[in-house]
1. Identify the GluC sites (Glu not before Pro) of region 69-107 meeting these criteria: DSSP loop state and at most 11 other C-beta atoms within 10 Å of the C-beta.
2. Fewest first, what order do Leu73, Leu100, Leu125 take by the number of other Cβ atoms within 10 Å?
3. How do Lys60, Lys122, Lys130 line up, fewest other C-beta atoms within 10 Å first?
4. How long is the gain from Thr34 to Gln90 if the chain were fully straight, where each residue apart is worth 0.36 nm and the alpha carbon distance is subtracted?
Amino acid sequence: MKKLILLSFFTILFSSCLEKMDTEKIKNTKWILTEMPGNKLPTGDEATLNFSDDLTISGKAFCNSYGGKFEVLENKISVKNVFSTKMYCQETAQAETAYLNAINQVNNATMEDGKLQLLNDKKVLLIFSKSKATE
């Protein structure tokens, strides 16, 4: 019984740290990429992600600008119709390709401790911190 109570306590504790994904929470926010698991981020350049109130995304993928659409259904976020400019930037080409590939695979997200994690099912693809421009 004691183990069951402890398990329930920790489940509630950890689930309260995860914010539910909802359109109103994500609209008009700006984020800066801090981690891309399995990939090294280039120094001196950054990737950004902006969610607008008309359910579109935009940002910078280290070198090129990109945009697309997003939707939130049942606490899950998905990104669709991503497009980008096509300048070639040798120093950031590998990271940019990995970033845009990851954005196109997003079908879920979590917000935890002020960080936005974009996921493909349960696999973390990208981790962002909120931009100071939105705070």
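1. Qualifying residues, ordered by number: Glu74.
2. Ascending Cβ contact count within 10 Å gives the list Leu73, Leu100, Leu125.
3. With the fewest neighbours first, Lys60, Lys122, Lys130 line up as Lys122, Lys130, Lys60.
4. Stretched out fully, the Thr34 to Gln90 stretch lengthens by 18.1 nm.
Laboratory data are not the source of any read-out in this text; all were calculated from the coordinates shown. This one's a predicted model, so the numbers in the text were calculated from it and none came from an experiment. Here the Cβ is made from the backbone with ideal geometry for all residues, glycine too, and neighbour counts use every protein chain on show.
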